[in-house]
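I have placed the structure first, in the form of structure tokens, so that the comments after it can refer back to it.
Readers should treat all values here as calculations from the given coordinates under stated rules, not as data from a laboratory. In this text the structure is predicted, and so the values were computed from the model without any measurement. As a convention, Cβ positions derive from the backbone with ideal geometry for all residues, glycine included, and neighbour counts pool all protein chains shown.
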Amino acid sequence: MGLLGLLHGFHLLARVEGVGPLGPLLPLFLAALGFGLGHLSLPGLPALSLSARAPTFRASPGEAGGPGGSVAYLPPEGGFPLWVGVVDRLLAHALPLALALLLALGLLLLGRRRGLPLFRGLHLLPLLLALPLLLGLFFLLGSLGGGEGAGGQGVGPPPSSPPSQGPVEWVHGPRALGEVGIALAGLSALFTLALLLALLAWAWRGRGGEGGEGEGAAFPFPRAFQRSLPASRVRRAYLEALEALKGAGLPRRPAEGPVEYGKRVEAAFPEAHPLLARLTALYLPVRYGGKAEREEAEEAEALALRILELCSTKGSKAP
Amino acid sequence: MLYERVQSALRGRVLLREETLRLALAALLFGGHLLLEDVPGTGKTTFAKALARVLGLSFGRIQMTPDLLPQDLTGVYLYREGSLVWEQGPIFAQVLLVDELNRATPRTQSALLEAMGEGQVTLEGKTHPLPEPFFVLATQNPVEEEGTFPLPVAQRDRFAARLALGYPDEKALLEALRGQDPLEGLAPVTDAEEVLALRREVRRVRVEEELTDYLLALARFLRGREGVRLGPSPRALLQVERLAQALALLEGRGFVLPEDLKAAFRAAIPHRLLLALEAELSGLTPEGLVEEALEAVPAPVEAG
């Protein structure tokens, strides 16, 4: 979402007057760079300019239209071919929708991989945030009138009040420029979709579940990365306990082993020590002994939860 | 559990830190040998004798001097009643205390080290296997170096670990002063059979692949560290791993923890490091460098 906002901001910036000699080309460039997301028009934000129907960008004052005046481009004479309109519509509406859905699905898969239950937990928050966005998009789609679409045909009347002072000269823009821009945006959008699909495929393969330690073996990613997202429930529970203790001001030092860390916690946070000691006792055979973990997983998760509660209490009591 | 039995038998008799006893037993269990480096009078000989007795193993002792010959260790063929008779040397013991190893000439030292490596001695073309288990405790006095032949790094590399007994705390010393003769009435708590069976078990203790990577990373750190002329050898790393396996077994675990590996690394590496002269002059020590490596290299634990 941050990326969307950023791209939108860039696009608006590009529309500002006086961005230099590249000004007229910048919207096209940004739209292509922004994987087609420059087309996103959220309610409440100004409409973006790159469209098959009206690629209107303004020349610098003095460049055309006389001193102090400006020129605004209209679609080329005869309009764009049909494909430009179709791609434009896809980029404007279908792509953001698909991206939002993919992001939500990805978050769900990643959340499941981390061992969080599917319908509760922190990872649900982004999903809840994504839902209003989806609703907004549906609203936008529903509110669109027939007059806006249809790439090849629609050459609308010039806007009644150009935004700058001075005389404005309305001319038909170069046909090729608009087509190339749309094509570039389309290509980069496809590239983005492919990347997202690859990310989803990766999240699906590494989604974890009830399996033991061997499950991550077929994982085609570096071992250090696998370590950061353990597939085993006991290991995840231990990791969550570590994160909770880190939040309570007791982070494990990178060179510290689990037993050494347990001793340090015993001295610094005695209330948590019995829980951590038990969790460590469950964790060690799973982590270093290759032990299957089915019986211990629930106990480990319960211990991690209790450590989390203890740490939250400690954190809330801290000055 | 062997460790508890031995510890309980030696309690109050031998002035020894727990960690030292654990490492000594671990070295014995994986088939390594021990270098005891400490000032005189810290109980090195008593410890070796007591260890042999509680383990139910035969004990031999050699006091190294510059005029000692290899045959004085290994034994000789004597001409008796018309034939050559093999006379065993003191090296044929299950626990062998080699006192002041660095006082012997390199020739005699190497005869001993060959026996340590091969588990046998060869004389007059005949090979004589040493008794099993064969465990050498060699002592060195670090403060008196006149007239000694310091062990080269290649020979120090044969020792699995170097330990220092250190001075006991006052309470333990008081108990020792008031107590009985440490070896009086000391009974075996195990025998050679059990020790050999445990030796076979050591190899089965699981070492997670990431722990091996961790060990390699520690070695890499030391080899690349400025001031280190010679880092840990492959044999050293192999012995660290075996020592860690034995430490885990002594705790009754079937798998190695990062802490086992660290303890083994601390015991097994410093005496094998060779520092540059400038590094020594600047105050760096092998022990300090090992600690530096253990602090710098992340242990394979969940990244929390």
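Assuming a ≥ b ≥ c are the square roots of the Cα gyration tensor eigenvalues, decide whether segment B:100-203 counts as rounded (a/c under 1.5), prolate (otherwise, with a/b larger than b/c) or oblate.
Oblate.
On a full-extension model of 0.36 nm per residue, what is the gain between B:Arg107 and B:Arg229, subtracting their alpha-carbon distance, rounded to one decimal in nm?
On the way: separation 122, 0.36 × 122 = 43.92 nm, distance 2.56 nm.
My answer for the length gained is 41.4 nm.
Mind putting a number on the dipole of segment A:223-317 about its Cα centre? Charges go on the C-beta only, +1 for Lys and Arg and -1 for Asp and Glu, and I need it in Debye to the nearest 20. Don't skip to the answer; put the middle values down first.
Details: 17 positive and 13 negative charges, 77 e Å.
I would put it at about 380 debye.
Taking amide H positions as placed in the peptide plane 1.01 Å from N, state which residues far from B:His128 in sequence (5 or more) or on other chains have amide H under 5 Å from it.
Here B:Val121, B:Thr122, B:Leu123 satisfy the definition.
Determine which aspartates and glutamates satisfy two conditions relative to B:Lys44: a Cα distance under 12 Å, and not lying fewer than 8 residues away in the same chain.
B:Asp99, B:Glu100
Run the numbers for B:Glu184 and B:Glu144: contour at 0.36 nm per residue of separation, minus the present Cα-Cα distance, in nm.
On the way: separation 40, 0.36 × 40 = 14.40 nm, distance 3.14 nm.
The B:Glu184-B:Glu144 span can extend by a further 11.3 nm.
Going by the alpha-carbon gyration tensor, a ≥ b ≥ c the square roots of its eigenvalues, is segment B:189-232 rounded (a/c under 1.5) or, if a/c is not under 1.5, prolate (a/b greater than b/c) versus oblate? Provide the component values of the computation, followed by the final result.
Values: a/c = 5.82, a/b = 2.26, b/c = 2.58.
Oblate is the answer for segment B:189-232, as a/c is 1.5 or above yet b/c matches or exceeds a/b.
Report, ordered by chain and residue number, the aspartates and glutamates lying within cross-link reach of B:Lys126, taken as a straight Cα distance under 19 Å and ignoring same-chain residues fewer than 8 apart.
B:Asp72, B:Glu87, B:Glu114, B:Glu118
Taking H placed 1.01 Å from N in the peptide plane, check which residues at least 5 places from A:Glu169 or on another chain put their amide H under 5 Å from its amide H.
Amide H neighbours of A:Glu169, under 5 Å, 5+ apart: A:Ser70, A:Val71, A:Ala72.
Non-local amide H neighbours of B:Val136 (under 5 Å, H modeled in plane, Pro and chain starts lacking H): which ones?
Correct list: B:Leu34, B:Leu96.
Could you compute the FRET efficiency for B:Ala303 and B:Glu193, with r as their C-beta to C-beta distance and R0 at 45 Å, rounded to 0.05? Before the final figure, lay out the partial values.
Working: r = 45 Å, r/R0 = 1.00.
So, using R0 = 45 Å, E works out to roughly 0.50.
Can you tell me how segment B:172-304 classifies by the Cα gyration tensor, rounded, prolate or oblate, using a/c under 1.5 as the rounded cut?
Values: a/c = 2.27, a/b = 1.36, b/c = 1.67.
It comes out oblate by the Cα gyration axes.
Could you check which residue among B:Gln88, B:Gln140, B:Gln109 shows the biggest mean-square fluctuation in a GNM of chain B with a 10 Å Cα cutoff?
Taking springs between Cα atoms under 10 Å, the residue moving most is B:Gln88.
With label points built 7 Å along Cα→Cβ from the Cα atoms of B:Gln88 and A:Glu295, find their separation and express it in nm.
4.8
Taking the Cα centroid of segment B:258-304 and of segment B:222-257, what is the distance between the two, rounded to the nearest whole Å?
Distance between centres, Cα-based: 11 Å.
Please state the charge dipole magnitude for segment B:1-136, taken about the Cα centre, from unit charges on C-beta atoms (+1 on K and R, -1 on D and E), reported in debye and rounded to the nearest 20. Kindly include the intermediate steps, with their values, before the conclusion.
On the way: 13 positive and 15 negative charges, 101 e Å.
Dipole size: approximately 480 debye.
Kindly write out, for segment B:110-121 in residue order, the coupling ³J(HN,Hα) from the Karplus curve 6.51 cos²θ - 1.76 cosθ + 1.60 (θ = phi - 60°), rounded to whole Hz, with x marking Gly and Pro.
5, 4, 5, 5, 5, 5, 5, x, 8, x, 7, 10
With θ taken as phi - 60° and the coefficients 6.51, -1.76 and 1.60, list the Karplus ³J(HN,Hα) couplings across segment B:233-244 in order, rounded to whole Hz; mark glycine and proline as x.
Taking θ as phi minus 60°, the curve returns 7, x, 4, 4, 5, 4, 6, 4, 5, 5, 4, 5 Hz for segment B:233-244.
Using 20 Å as the cut-off for backbone N distance, which residues of segment A:257-294 belong to the label zone defined by a point 7 Å from the Cα of A:Leu305 along Cα→Cβ?
Under 20 Å, as judged by backbone N against the label point of A:Leu305, lie A:272-283, A:293-294 of segment A:257-294.
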